[in-house]
Amino acid sequence: MKPRIVAVLNQKGGVGKTTTCVNLAHALAKLGKPVTVIDLDPQHHLAVALGEVAVDRSGIDAVMLGERSLQEQMLSVRPCLSLVVAGPRLQAIEQLSEGGSHRGDLLRRGLAACPWLDQAVVLIDCPPSSGILVANALFAVDELLVPMTSDFMALQGLSHLMGTLKKFEQVLAKNYRTTLVMSRYISNRRLSEDVLTTIKKYFPNQVLRTLIRETALLAECPSFGKTIFEYRPGCRSAQDFASLAVDFIEGRVM
Amino acid sequence: MAENDDASLIGYDPLAWLQHAEAARPAASWPLPGTEAEASSQDANQEWVEQTDTSEQADDDGWVNDDATAHAWAADDPAPAPTSQQSLSISLATVQNMQAVAQLYQRLLSALNETDHIDIDASAVNQIDTSTLQLLLVFKRTAIKQNKRVSIDFPSERFIEAASLLGLSQLLAVDHAAAGFF
Ligand SMILES: Nc1ncnc2c1ncn2[C@@H]1O[C@H](COP(=O)(O)OP(=O)(O)O)[C@@H](O)[C@H]1O
Ligand SMILES: [Mg+2]
(Lines give C-alpha, C1' and ligand atoms only; values in the text may rest on other atoms or scores of the structure.)
(Ligands and ions follow the chains in the order given, each with its own letter.)
Protein backbone atom coordinates (compact mmCIF):
# COMPACT_ATOMS: atom_id res chain seq x y z
CA MET A 1 0.00 0.00 0.00
CA LYS A 2 1.12 3.51 -0.72
CA PRO A 3 2.23 5.36 2.40
CA ARG A 4 0.87 8.72 3.51
CA ILE A 5 3.29 11.13 1.90
CA VAL A 6 3.22 14.43 3.73
CA ALA A 7 5.15 17.63 3.06
CA VAL A 8 6.02 19.47 6.25
CA LEU A 9 5.88 22.94 4.91
CA ASN A 10 5.97 26.60 5.84
CA GLN A 11 8.06 29.07 3.88
CA LYS A 12 8.88 30.86 7.11
CA GLY A 13 12.09 29.68 8.78
CA GLY A 14 12.30 28.69 12.42
CA VAL A 15 8.67 27.69 12.85
CA GLY A 16 9.56 24.13 13.78
CA LYS A 17 9.37 22.19 10.50
CA THR A 18 12.51 20.20 11.16
CA THR A 19 11.77 19.72 14.86
CA THR A 20 8.31 18.46 13.97
CA CYS A 21 9.66 16.10 11.30
CA VAL A 22 12.28 14.57 13.53
CA ASN A 23 10.19 14.08 16.62
CA LEU A 24 6.90 13.21 14.97
CA ALA A 25 8.75 10.67 12.82
CA HIS A 26 10.41 9.11 15.84
CA ALA A 27 7.14 9.08 17.75
CA LEU A 28 5.44 7.29 14.85
CA ALA A 29 8.34 4.86 14.58
CA LYS A 30 8.00 4.10 18.28
CA LEU A 31 4.37 3.26 17.65
CA GLY A 32 5.59 0.67 15.16
CA LYS A 33 4.78 2.69 12.05
CA PRO A 34 7.58 2.43 9.50
CA VAL A 35 8.50 6.01 8.65
CA THR A 36 10.79 7.59 6.09
CA VAL A 37 11.90 11.19 6.46
CA ILE A 38 13.27 13.07 3.48
CA ASP A 39 15.48 16.11 3.99
CA LEU A 40 14.53 18.53 1.23
CA ASP A 41 16.42 21.40 2.82
CA PRO A 42 19.93 21.99 1.44
CA GLN A 43 20.92 23.12 4.95
CA HIS A 44 20.37 19.46 5.98
CA HIS A 45 19.26 20.24 9.54
CA LEU A 46 17.05 17.19 9.55
CA ALA A 47 19.99 14.86 9.06
CA VAL A 48 22.01 16.69 11.69
CA ALA A 49 19.16 16.49 14.18
CA LEU A 50 19.08 12.74 13.65
CA GLY A 51 22.82 12.51 14.21
CA GLU A 52 23.73 12.00 10.55
CA VAL A 53 26.48 14.46 9.75
CA ALA A 54 28.28 13.14 6.65
CA VAL A 55 27.71 16.21 4.50
CA ASP A 56 28.89 14.85 1.17
CA ARG A 57 26.73 11.74 1.16
CA SER A 58 24.33 11.83 -1.78
CA GLY A 59 20.64 11.72 -0.98
CA ILE A 60 17.43 13.02 -2.44
CA ASP A 61 19.48 15.18 -4.83
CA ALA A 62 20.63 12.10 -6.74
CA VAL A 63 17.07 10.74 -6.76
CA MET A 64 15.76 13.99 -8.21
CA LEU A 65 18.50 14.02 -10.81
CA GLY A 66 17.48 10.52 -11.82
CA GLU A 67 20.76 8.89 -10.83
CA ARG A 68 19.63 6.82 -7.88
CA SER A 69 16.45 5.20 -6.71
CA LEU A 70 14.90 6.30 -3.47
CA GLN A 71 15.40 2.87 -1.87
CA GLU A 72 19.11 3.07 -2.53
CA GLN A 73 19.25 6.34 -0.62
CA MET A 74 17.33 5.27 2.48
CA LEU A 75 19.46 5.04 5.58
CA SER A 76 18.12 3.13 8.51
CA VAL A 77 18.73 5.55 11.38
CA ARG A 78 16.46 4.15 14.11
CA PRO A 79 14.22 1.10 14.35
CA CYS A 80 11.34 1.70 11.90
CA LEU A 81 12.85 5.03 10.86
CA SER A 82 14.66 5.70 7.58
CA LEU A 83 16.30 8.90 6.50
CA VAL A 84 17.01 10.21 3.03
CA VAL A 85 19.55 13.00 3.37
CA ALA A 86 19.54 16.15 1.27
CA GLY A 87 22.81 15.61 -0.56
CA PRO A 88 25.30 18.21 -1.72
CA ARG A 89 23.60 18.99 -5.03
CA LEU A 90 20.19 19.88 -3.66
CA GLN A 91 21.20 23.52 -3.54
CA ALA A 92 22.03 23.39 -7.25
CA ILE A 93 18.58 22.02 -7.99
CA GLU A 94 17.06 24.88 -6.01
CA GLN A 95 19.05 27.31 -8.10
CA LEU A 96 18.00 25.51 -11.26
CA SER A 97 21.54 24.96 -12.36
CA GLU A 98 20.91 21.23 -12.42
CA GLY A 99 17.98 19.11 -13.40
CA GLY A 100 16.89 21.28 -16.28
CA SER A 101 14.90 24.43 -16.31
CA HIS A 102 11.76 24.70 -14.24
CA ARG A 103 11.50 21.08 -13.44
CA GLY A 104 8.75 20.78 -10.92
CA ASP A 105 8.29 17.03 -11.10
CA LEU A 106 11.70 15.67 -10.14
CA LEU A 107 10.66 14.60 -6.66
CA ARG A 108 7.28 13.29 -7.73
CA ARG A 109 8.92 10.97 -10.21
CA GLY A 110 11.45 9.76 -7.68
CA LEU A 111 8.68 8.94 -5.21
CA ALA A 112 6.45 7.38 -7.84
CA ALA A 113 9.16 4.92 -8.80
CA CYS A 114 9.56 3.70 -5.23
CA PRO A 115 7.86 0.43 -4.24
CA TRP A 116 7.73 1.62 -0.60
CA LEU A 117 7.49 -1.89 0.78
CA ASP A 118 5.92 -1.53 4.19
CA GLN A 119 6.35 2.21 4.74
CA ALA A 120 3.37 3.79 6.49
CA VAL A 121 4.38 7.44 6.48
CA VAL A 122 6.80 9.59 4.53
CA LEU A 123 7.55 13.06 5.89
CA ILE A 124 9.27 15.60 3.68
CA ASP A 125 11.08 18.37 5.54
CA CYS A 126 10.81 21.39 3.26
CA PRO A 127 13.22 24.31 3.12
CA PRO A 128 12.14 27.75 4.34
CA SER A 129 11.67 29.17 0.86
CA SER A 130 9.23 29.03 -1.95
CA GLY A 131 11.42 28.00 -4.81
CA ILE A 132 11.74 24.97 -7.01
CA LEU A 133 12.27 22.54 -4.13
CA VAL A 134 9.02 23.47 -2.45
CA ALA A 135 7.33 23.35 -5.85
CA ASN A 136 8.64 19.81 -6.19
CA ALA A 137 7.21 18.90 -2.80
CA LEU A 138 3.84 20.41 -3.69
CA PHE A 139 3.88 18.51 -6.94
CA ALA A 140 4.68 15.24 -5.20
CA VAL A 141 2.24 15.13 -2.31
CA ASP A 142 -1.46 15.33 -1.59
CA GLU A 143 -1.11 16.07 2.08
CA LEU A 144 0.51 18.95 3.92
CA LEU A 145 1.42 19.51 7.54
CA VAL A 146 2.03 23.15 8.37
CA PRO A 147 3.87 23.94 11.61
CA MET A 148 2.85 27.26 13.12
CA THR A 149 4.15 29.45 15.88
CA SER A 150 1.78 31.43 18.02
CA ASP A 151 2.71 34.98 17.10
CA PHE A 152 1.30 37.60 14.80
CA MET A 153 3.93 37.31 12.07
CA ALA A 154 3.15 33.63 11.80
CA LEU A 155 -0.38 34.57 10.76
CA GLN A 156 1.06 36.87 8.15
CA GLY A 157 3.26 34.04 6.90
CA LEU A 158 0.33 31.65 6.88
CA SER A 159 -1.62 34.09 4.78
CA HIS A 160 1.16 34.13 2.21
CA LEU A 161 1.44 30.36 2.31
CA MET A 162 -2.28 29.90 1.72
CA GLY A 163 -2.05 32.21 -1.28
CA THR A 164 0.71 30.06 -2.72
CA LEU A 165 -1.18 26.86 -2.04
CA LYS A 166 -4.28 28.18 -3.75
CA LYS A 167 -2.24 28.89 -6.86
CA PHE A 168 -0.88 25.39 -6.84
CA GLU A 169 -4.28 23.89 -6.25
CA GLN A 170 -5.62 25.82 -9.19
CA VAL A 171 -2.80 25.03 -11.55
CA LEU A 172 -2.48 21.39 -10.57
CA ALA A 173 -6.23 20.96 -10.13
CA LYS A 174 -5.76 19.29 -6.81
CA ASN A 175 -7.00 19.77 -3.35
CA TYR A 176 -4.46 19.35 -0.59
CA ARG A 177 -5.42 17.77 2.64
CA THR A 178 -3.87 20.36 4.93
CA THR A 179 -3.42 20.13 8.68
CA LEU A 180 -1.66 22.52 10.98
CA VAL A 181 0.32 21.92 14.11
CA MET A 182 1.10 24.51 16.75
CA SER A 183 4.77 23.64 16.93
CA ARG A 184 6.20 26.26 19.28
CA TYR A 185 3.30 27.12 21.48
CA ILE A 186 4.06 29.57 24.27
CA SER A 187 1.56 28.84 27.00
CA ASN A 188 0.28 31.38 29.47
CA ARG A 189 0.30 34.16 26.96
CA ARG A 190 -2.75 35.99 25.70
CA LEU A 191 -1.37 36.46 22.21
CA SER A 192 -0.85 32.71 21.78
CA GLU A 193 -4.48 32.07 22.59
CA ASP A 194 -5.64 34.79 20.24
CA VAL A 195 -3.49 33.49 17.41
CA LEU A 196 -4.79 29.99 17.98
CA THR A 197 -8.38 31.25 18.01
CA THR A 198 -7.78 33.03 14.71
CA ILE A 199 -6.23 29.97 13.14
CA LYS A 200 -9.06 27.74 14.30
CA LYS A 201 -11.52 30.18 12.79
CA TYR A 202 -10.01 29.77 9.32
CA PHE A 203 -8.96 26.16 9.65
CA PRO A 204 -11.73 24.42 11.51
CA ASN A 205 -10.98 20.74 12.08
CA GLN A 206 -7.55 21.17 10.60
CA VAL A 207 -5.39 21.95 13.62
CA LEU A 208 -3.96 18.84 15.28
CA ARG A 209 -5.20 18.62 18.81
CA THR A 210 -1.90 18.54 20.68
CA LEU A 211 -0.04 21.80 21.20
CA ILE A 212 3.73 21.32 21.01
CA ARG A 213 4.92 23.63 23.71
CA GLU A 214 8.03 25.76 23.52
CA THR A 215 10.62 24.15 25.77
CA ALA A 216 14.35 24.42 26.33
CA LEU A 217 14.83 20.68 25.91
CA LEU A 218 13.42 20.68 22.40
CA ALA A 219 15.84 23.43 21.43
CA GLU A 220 18.74 21.51 22.93
CA CYS A 221 18.35 18.04 21.49
CA PRO A 222 19.36 18.70 17.83
CA SER A 223 22.87 19.65 18.88
CA PHE A 224 23.27 16.15 20.33
CA GLY A 225 21.86 14.49 17.22
CA LYS A 226 19.08 13.07 19.36
CA THR A 227 15.34 13.14 19.20
CA ILE A 228 13.45 14.24 22.27
CA PHE A 229 12.70 10.58 23.03
CA GLU A 230 16.40 9.89 23.31
CA TYR A 231 17.50 13.15 24.86
CA ARG A 232 14.97 13.24 27.66
CA PRO A 233 12.48 10.40 27.46
CA GLY A 234 9.26 11.05 29.31
CA CYS A 235 9.68 14.82 29.48
CA ARG A 236 6.65 16.88 28.58
CA SER A 237 7.92 17.57 25.07
CA ALA A 238 8.28 13.83 24.53
CA GLN A 239 4.71 13.47 25.76
CA ASP A 240 3.60 16.24 23.41
CA PHE A 241 5.09 14.49 20.41
CA ALA A 242 3.81 11.07 21.44
CA SER A 243 0.35 12.57 21.64
CA LEU A 244 0.83 14.41 18.34
CA ALA A 245 1.67 11.11 16.66
CA VAL A 246 -1.70 9.73 17.72
CA ASP A 247 -3.41 12.91 16.46
CA PHE A 248 -1.62 12.45 13.17
CA ILE A 249 -2.66 8.83 12.79
CA GLU A 250 -6.21 9.15 14.02
CA GLY A 251 -6.93 12.58 12.61
CA ARG A 252 -7.60 14.10 16.01
CA VAL A 253 -8.07 17.79 15.53
CA MET A 254 -9.41 20.74 17.44
CA MET B 1 -9.00 46.43 11.70
CA ALA B 2 -11.67 44.20 10.26
CA GLU B 3 -13.73 41.42 11.74
CA ASN B 4 -12.02 41.00 15.04
CA ASP B 5 -13.66 41.30 18.37
CA ASP B 6 -12.08 44.07 20.38
CA ALA B 7 -10.99 41.69 23.08
CA SER B 8 -8.46 40.10 20.75
CA LEU B 9 -4.85 41.21 20.80
CA ILE B 10 -4.73 40.74 17.08
CA GLY B 11 -5.74 44.03 15.51
CA TYR B 12 -5.35 43.31 11.86
CA ASP B 13 -6.22 39.87 10.58
CA PRO B 14 -3.99 38.87 7.68
CA LEU B 15 -6.07 35.79 6.97
CA ALA B 16 -9.33 37.68 6.44
CA TRP B 17 -9.07 37.35 2.66
CA LEU B 18 -9.49 33.61 2.96
CA GLN B 19 -13.14 34.10 3.82
CA HIS B 20 -13.75 36.09 0.69
CA ALA B 21 -11.62 34.10 -1.71
CA GLU B 22 -13.93 32.58 -4.25
CA ALA B 23 -14.30 28.89 -3.89
CA ALA B 24 -14.14 28.42 -7.63
CA ARG B 25 -11.55 25.98 -8.73
CA PRO B 26 -11.40 24.02 -11.96
CA ALA B 27 -13.69 21.11 -11.20
CA ALA B 28 -11.82 18.34 -12.84
CA SER B 29 -8.94 18.66 -15.11
CA TRP B 30 -6.88 15.93 -16.66
CA PRO B 31 -4.98 14.32 -13.94
CA LEU B 32 -1.33 15.11 -14.22
CA PRO B 33 0.28 12.05 -15.65
CA GLY B 34 1.04 9.73 -12.82
CA THR B 35 -0.73 11.57 -10.04
CA GLU B 36 -3.80 9.37 -10.04
CA ALA B 37 -2.91 5.83 -10.91
CA GLU B 38 0.67 6.19 -9.89
CA ALA B 39 1.28 2.75 -8.57
CA SER B 40 0.79 1.00 -11.88
CA SER B 41 3.98 1.68 -13.75
CA GLN B 42 6.88 3.99 -13.79
CA ASP B 43 7.22 4.19 -17.53
CA ALA B 44 3.84 5.83 -17.70
CA ASN B 45 5.27 8.90 -16.09
CA GLN B 46 8.64 8.88 -17.74
CA GLU B 47 9.79 12.11 -19.24
CA TRP B 48 6.41 13.56 -19.63
CA VAL B 49 7.61 17.07 -20.11
CA GLU B 50 10.81 16.24 -21.83
CA GLN B 51 9.62 15.29 -25.30
CA THR B 52 11.32 17.63 -27.69
CA ASP B 53 11.87 15.30 -30.60
CA THR B 54 9.51 16.79 -33.12
CA SER B 55 10.15 14.16 -35.77
CA GLU B 56 8.43 11.50 -33.72
CA GLN B 57 4.80 10.42 -34.01
CA ALA B 58 2.59 11.94 -31.41
CA ASP B 59 1.31 8.43 -30.68
CA ASP B 60 4.70 7.35 -29.45
CA ASP B 61 4.73 10.17 -27.02
CA GLY B 62 3.56 8.82 -23.70
CA TRP B 63 2.75 12.29 -22.52
CA VAL B 64 0.11 13.16 -25.07
CA ASN B 65 -1.26 9.66 -25.33
CA ASP B 66 -4.17 10.24 -23.03
CA ASP B 67 -5.11 13.30 -24.99
CA ALA B 68 -7.89 12.52 -27.41
CA THR B 69 -7.45 15.82 -29.19
CA ALA B 70 -3.80 15.09 -29.74
CA HIS B 71 -4.72 11.94 -31.55
CA ALA B 72 -7.18 13.81 -33.70
CA TRP B 73 -4.43 16.22 -34.53
CA ALA B 74 -1.81 13.67 -35.22
CA ALA B 75 -4.25 11.97 -37.56
CA ASP B 76 -4.48 15.09 -39.68
CA ASP B 77 -2.64 15.05 -42.92
CA PRO B 78 0.82 16.38 -42.14
CA ALA B 79 1.07 17.86 -45.63
CA PRO B 80 -1.40 20.70 -45.42
CA ALA B 81 -3.14 22.61 -48.14
CA PRO B 82 -1.48 25.83 -49.27
CA THR B 83 -2.12 28.53 -46.74
CA SER B 84 -1.66 32.22 -46.29
CA GLN B 85 1.65 33.77 -45.32
CA GLN B 86 -0.13 36.25 -43.16
CA SER B 87 -0.10 35.82 -39.44
CA LEU B 88 -3.24 35.19 -37.55
CA SER B 89 -3.77 36.05 -33.94
CA ILE B 90 -5.76 34.10 -31.39
CA SER B 91 -6.41 35.47 -27.93
CA LEU B 92 -6.70 33.15 -24.98
CA ALA B 93 -9.58 33.81 -22.62
CA THR B 94 -9.19 34.85 -19.00
CA VAL B 95 -10.15 31.39 -17.84
CA GLN B 96 -8.76 28.57 -19.90
CA ASN B 97 -9.95 25.32 -18.47
CA MET B 98 -11.29 21.93 -19.42
CA GLN B 99 -14.61 23.47 -20.41
CA ALA B 100 -12.96 25.84 -22.85
CA VAL B 101 -10.41 23.45 -24.24
CA ALA B 102 -12.54 21.89 -26.99
CA GLN B 103 -13.41 25.27 -28.37
CA LEU B 104 -9.83 26.41 -28.26
CA TYR B 105 -8.84 23.27 -30.09
CA GLN B 106 -11.27 24.11 -32.90
CA ARG B 107 -9.96 27.66 -33.16
CA LEU B 108 -6.35 26.52 -33.25
CA LEU B 109 -7.11 23.82 -35.78
CA SER B 110 -8.80 26.17 -38.20
CA ALA B 111 -6.01 28.70 -37.77
CA LEU B 112 -3.53 26.01 -38.61
CA ASN B 113 -5.39 25.26 -41.82
CA GLU B 114 -5.49 28.90 -42.78
CA THR B 115 -2.08 30.31 -42.18
CA ASP B 116 1.61 29.63 -41.59
CA HIS B 117 2.11 31.94 -38.70
CA ILE B 118 -0.07 31.96 -35.62
CA ASP B 119 0.30 34.32 -32.72
CA ILE B 120 -1.35 33.31 -29.50
CA ASP B 121 -2.01 36.21 -27.21
CA ALA B 122 -1.80 34.91 -23.65
CA SER B 123 -1.94 38.25 -21.91
CA ALA B 124 -5.43 37.88 -20.48
CA VAL B 125 -4.99 34.47 -18.91
CA ASN B 126 -5.43 34.38 -15.20
CA GLN B 127 -6.45 30.78 -14.88
CA ILE B 128 -5.14 27.98 -17.01
CA ASP B 129 -5.22 24.26 -16.42
CA THR B 130 -3.08 21.35 -17.48
CA SER B 131 -5.39 20.34 -20.32
CA THR B 132 -4.96 23.73 -22.01
CA LEU B 133 -1.23 23.68 -21.56
CA GLN B 134 -1.08 20.21 -23.02
CA LEU B 135 -3.17 21.35 -25.95
CA LEU B 136 -0.88 24.30 -26.59
CA LEU B 137 2.17 22.11 -26.40
CA VAL B 138 0.78 19.58 -28.85
CA PHE B 139 -0.33 22.43 -31.08
CA LYS B 140 3.11 23.93 -31.10
CA ARG B 141 4.70 20.62 -31.98
CA THR B 142 2.19 19.94 -34.70
CA ALA B 143 2.79 23.36 -36.20
CA ILE B 144 6.54 22.87 -36.14
CA LYS B 145 6.15 19.57 -37.97
CA GLN B 146 4.25 21.42 -40.66
CA ASN B 147 6.94 24.10 -40.81
CA LYS B 148 4.60 26.67 -39.37
CA ARG B 149 5.31 29.20 -36.72
CA VAL B 150 3.47 29.57 -33.46
CA SER B 151 4.42 32.15 -30.91
CA ILE B 152 2.88 32.74 -27.55
CA ASP B 153 2.87 36.47 -27.01
CA PHE B 154 2.61 38.56 -23.88
CA PRO B 155 2.09 35.62 -21.56
CA SER B 156 0.56 36.79 -18.30
CA GLU B 157 2.24 36.11 -14.97
CA ARG B 158 -0.26 33.37 -14.34
CA PHE B 159 0.45 31.75 -17.67
CA ILE B 160 4.19 31.79 -17.09
CA GLU B 161 3.69 30.49 -13.62
CA ALA B 162 1.54 27.60 -14.74
CA ALA B 163 3.92 26.72 -17.55
CA SER B 164 6.94 26.80 -15.29
CA LEU B 165 5.22 24.75 -12.61
CA LEU B 166 4.66 22.06 -15.16
CA GLY B 167 8.14 22.35 -16.58
CA LEU B 168 6.77 23.46 -19.92
CA SER B 169 8.03 26.99 -20.15
CA GLN B 170 10.99 26.16 -22.35
CA LEU B 171 8.94 24.06 -24.70
CA LEU B 172 6.32 26.76 -24.96
CA ALA B 173 9.06 29.39 -25.14
CA VAL B 174 7.62 31.49 -22.37
CA ASP B 175 10.54 31.02 -20.04
CA HIS B 176 11.47 33.73 -17.62
CA ALA B 177 13.90 34.04 -14.77
CA ALA B 178 13.45 31.71 -11.87
CA ALA B 179 12.98 34.71 -9.68
CA GLY B 180 9.33 35.53 -9.35
CA PHE B 181 8.52 31.84 -9.46
CA PHE B 182 5.76 32.66 -7.03
N1 LIG C 1 8.70 23.60 20.56
C2 LIG C 1 9.95 24.12 20.58
N3 LIG C 1 10.51 24.53 21.71
C4 LIG C 1 11.75 25.07 21.73
N5 LIG C 1 12.51 25.25 20.65
C6 LIG C 1 12.02 24.86 19.48
C7 LIG C 1 10.72 24.27 19.36
N8 LIG C 1 10.51 23.99 18.05
C9 LIG C 1 11.63 24.37 17.41
N10 LIG C 1 12.54 24.88 18.24
C11 LIG C 1 13.85 25.44 17.91
O12 LIG C 1 13.65 26.54 17.05
C13 LIG C 1 14.63 26.56 16.03
C14 LIG C 1 13.95 26.45 14.68
O15 LIG C 1 13.25 25.23 14.61
P16 LIG C 1 13.30 24.33 13.31
O17 LIG C 1 12.54 23.07 13.61
O18 LIG C 1 14.69 24.17 12.83
O19 LIG C 1 12.47 25.23 12.31
P20 LIG C 1 12.38 25.20 10.73
O21 LIG C 1 12.76 23.82 10.28
O22 LIG C 1 10.95 25.53 10.45
O23 LIG C 1 13.30 26.25 10.22
C24 LIG C 1 15.57 25.39 16.30
O25 LIG C 1 16.66 25.86 17.01
C26 LIG C 1 14.72 24.47 17.17
O27 LIG C 1 15.52 23.72 18.03
MG1 LIG D 1 14.25 23.21 8.90
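The values are calculated or read from the model by the stated rules, or taken from the named source; none is laboratory data. From a predicted model like this one, the values you see are computed outputs, not experimental measurements. Cβ atoms come from the backbone with ideal geometry, glycine included; neighbour counts cover every protein chain shown. Ligands, DNA and RNA are stripped out before the accessible areas are found, and what is left, the full protein with its side chains, is counted by its heavy atoms. Shrake-Rupley method; radii C 1.70, N 1.55, O 1.52, S 1.80 Å.
Calculated [222 nm] ellipticity per residue, helices only, for chain A: -12000 deg cm²/dmol; basis is -39500 (n - 2.57) per DSSP H run with n ≥ 4, divided by all residues, nearest 500.
Count Lys and Arg as plus one, Asp and Glu as minus one, and take only other residues whose Cβ is under 13 Å from that of A:Val253; the net charge is then +2.
Other residues lying with their Cβ under 15 Å from the Cβ of A:Ser183 contribute a combined charge of +1, Lys and Arg counting +1, Asp and Glu -1.
Give the shape of the stretch B:87-181 as rounded, prolate or oblate, defined through the alpha-carbon gyration tensor: a ≥ b ≥ c are the square roots of its eigenvalues, a/c under 1.5 means rounded, and otherwise the shape is prolate if a/b is larger than b/c and oblate if not. Since a/c reaches 1.5 and a/b is larger than b/c, the shape of the stretch B:87-181 is classed as prolate. Residues in the stretch B:87-181 average 38 Å² of solvent-accessible surface per residue, probe 1.4 Å, ligands and nucleic acids excluded.
Enter the buried accessible area of the B/A pair, total of both sides, probe 1.4 Å, in Å² rounded to the nearest 100.
Details: alone 10990 and 11180 Å², together 18270 Å².
What B and A bury together is about 3900 Å².
In the context of the full set of protein chains, residues of the stretch A:111-234 present 37 Å² of accessible surface per residue (probe radius 1.4 Å, heavy atoms only). Note on A:Tyr231: accessible area is roughly 40 Å² with a 1.4 Å probe, heavy atoms of protein only. For chain A, the square roots of the Cα gyration tensor eigenvalues, ordered a ≥ b ≥ c, give a/c of at least 1.5 with a/b no greater than b/c, which places it in the oblate category. Listed by chain and number, the lysines whose C-alpha is less than 22 Å from the C-alpha of A:Lys30, apart from same-chain residues fewer than 8 away, are A:Lys2, A:Lys17, A:Lys226. How much net charge surrounds A:Ala242 when only other residues with a Cβ under 12 Å from its Cβ are counted (Lys, Arg +1; Asp, Glu -1)? Residues near A:Ala242 contribute 0 overall.
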